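Everything below concerns the one structure shown next.
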Amino acid sequence: MFLSDMSGRTPLYRKAFVFFSSAISKELVMDIKKDMEVLTRLGALREMNLEYFPIDSQGFITNNERALEELFGDEENNHKGVTCLNVMAKRIATVFASLREFPSVRFRAAKSLDATTMTTFQDLIPTKLAAGIWDCLVKYKKSIPNFPQTETCELLILDRSIDQIAPVIHEWTYDAMCHDLLNMEGNKYVHEVPGKSGGPAERKEVLLEDHDPVWLELRHAHIADASERLHEKMTNFISKNKAAQIQHGSNSSSEMSTRDIQTIVQALPQYSEQIDKLSLHVEIAGKINRIIRESGLRELGQLEQDLVFGDATTKDVIKFFTMKEDITHENKLRLLMILASVYPEKFEGEKGQNLMRLAKLTEEDMNIVPNFRMLGGQPVTKKSLTAAFGLKFDIHKKKHAARKERPGEEEKWQLSRFYPIIEESLYDVLVCDEWMFIQELLEKLMKNELSKEDYPCLNDPSPSYQGSPFSGPVNQNPHSMRSRRTPTWARPQGSEDGYSSDSVLRHASSDFRRMGQRIFLFIVGGATRSELRVCHKLTEKLKREIILGSSSIDDPSQFITKLKTITTHEISLDDIQI
């Protein structure tokens, strides 16, 4: 079609600038070169290596939406899984090609990789993906002009089994609540606004993305904090504008409705853009808070976090189900999935079936819990928490927890204790029942203290590589391509919003060149909003730009839907040939 459009005496366009997002075949290039008429009309013909989708300034996905099904599903047929990993590896490699970065590739080693146990395809997912990415990078070193020949950044590959709780627990930040409770399509939010001149209400679509300064400022705040700050912003605006005070009336302390805000917008057209942005988020926060109240999410959220931190047991869940019969099926299911992660022995045999019957789950939902458990491998029965004389002498039982309390972390807002495993993995690595926490993992990676046995490196860094351990002034980084270029998608936009003295865009640093070399973290099987938040948080805390990549970014309902597609096979003694 392109050749026909550009050939002949009357081409469709006088000049064509052609950019391919993916690599093109040599045969296609030769076909273009053969047609001299087309060749003279080409202004550009380039491969851009853009087979990924940015989701914000520090996140991207490869859009492998069926990765969970194809990689963690039927163990007997790995053909789909191999194809999925090959496609995923090529797409991830284009991230480094477009950014001109050459990573040191590390991955989570197979847990059962020893002489006595059989290694499954699922165990080797990070290993196989790392090998596929490395093959692409080797080709880029030879084929792409100015591609780095030594390591300029670090890549760590994990899979969804590293943290099964993060995708299903209720996360209480503004961003996560929006996507969890408001049925958004990606970042698109649809709402109704009053019609012009008193006409019928109109539907309006808005994107909650980095170009919105209010969103950028509040997205990672606790929903209670976000609500307070929005109220303060609107109150401050009214107090500084006499016309707004007149429209709002004498009782300036009263809550404003959407109609009140629309009246102010019509009276003050010069401030319409600022007020529109504020009113949008006032409406969203109000809707979220209403859902929280009506659904009883505070009590549910407290129980979820108590389970995760070892302050609640199965008895508390049973009591909750008997007292809260009006809770939705999805929330019951999510609570049981968290319980299965913390207390896997409670779901062995008939015990698990009884719990799910108590929750009145449907047959379809009851199949999701075993799939969820299989995602992390066959659960191992935990050892008793009490010693032989525990009943007599052990007054204080050990907590049965999937997370540890973080010393020095102040819980300013209720229900803000939970953190994704990736957050703990960057500083000091805590290992609790084979859970390695991601924040600590990343911090260990930065200090070059990550276990080479558990997280081997596919390519030993060159002697000149200065990424880890990070030492000296932050601007001593001669090998990073970031000292020469910073991609647009990896920095916030620098426009002023013009209405708030504390606008995040006024203070946000768009210059990552002063930081150390980038850390790329890729999670196979889907990432969460909370994990993306952690990467932003740790970038500020550790002064290293951390970019999260994944096959997809999933809200809880999406993750649960994908779990339904996993086909699991329980292994019996009859299946084992001796």
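The values are calculated or read from the model by the stated rules, or taken from the named source; none is laboratory data. Everything numeric here is computed off the predicted structure, so don't read it as measured data. Cβ coordinates were reconstructed from backbone atoms using ideal geometry, including for glycine residues, and neighbour counts include every protein chain displayed. Only protein heavy atoms, including side chains, enter the accessible area calculation; ligands, DNA and RNA are left aside. Shrake-Rupley method; radii C 1.70, N 1.55, O 1.52, S 1.80 Å.
Compared with the direct C-alpha span, the chain from residue 316 to residue 204 gains 36.0 nm at full extension, assuming 0.36 nm per residue.
In plain terms, the chain from residue 119 to residue 35 could stretch by 24.9 nm, reckoned as 0.36 nm per residue minus the Cα-Cα distance. Residues whose amide H lies under 5 Å from that of residue 55, counting only those 5 or more places away or on a different chain, are 60, 61; hydrogens are built 1.01 Å from N in the peptide plane. Per residue, the range 17-65 exposes an accessible area of 60 Å² to a 1.4 Å probe, with every protein chain left in place. Between residue 47 and residue 360, the distance separating the two model label sites (each 7 Å from Cα on the Cα→Cβ line) works out to 5.9 nm.
Give me the dipole magnitude in Debye, nearest 20, for the range 93-176 about the Cα centre, with unit charges on the beta carbon: positive for Lys and Arg, negative for Asp and Glu.
Working: 9 positive and 10 negative charges, 88 e Å.
Roughly 420 debye for the range 93-176.
Annotation: amide H of residue 102 within the under-5 Å range of 152, 153, sequence separation 5 or more or interchain, hydrogens built in the peptide plane. Spatial offset of the range 126-199 relative to the range 39-66 amounts to 15 Å, using the alpha carbon center of each.
Tell me which GluC sites (Glu not before Pro) from the range 58-112 have a DSSP coil assignment and no more than 12 other beta carbons within 10 Å of their own.
Numbers: sites: 65, 69, 70, 75, 76, 101; in loops: 65, 75, 76, 101.
Within the range 58-112, the qualifying GluC sites (Glu not before Pro) (loop, at most 12 other Cβ atoms within 10 Å) are 76.
The 3J(HN,Hα) values that the Karplus relation (6.51, -1.76, 1.60; θ = phi - 60°) gives for the range 529-543 are, in residue order, 4, 5, 6, 5, 4, 4, 5, 5, 4, 6, 4, 5, 6, 9, 6 Hz. Gly and Pro appear as x.
Less than 5 angstrom separates the built amide H of residue 47 from those of 20, all sequence-distant by 5 or more or on a different chain. Applying the criteria of a DSSP loop state and at most 14 other Cβ atoms within 10 Å to the chymotrypsin sites (Phe, Trp or Tyr not before Pro) of the range 1-101 yields 13.
Charge tally around residue 293: other residues with Cβ under 12 Å, Lys/Arg +1 each, Asp/Glu -1 each, net +1.
Could you order peptides 324-336, 32-44, 551-563 by the average number of other Cβ atoms within 10 Å of their residues, highest first? List each step's numbers first, then the result.
Values: 324-336: 17.0, 32-44: 12.8, 551-563: 21.2.
In descending order of packing, they fall as 551-563, 324-336, 32-44.
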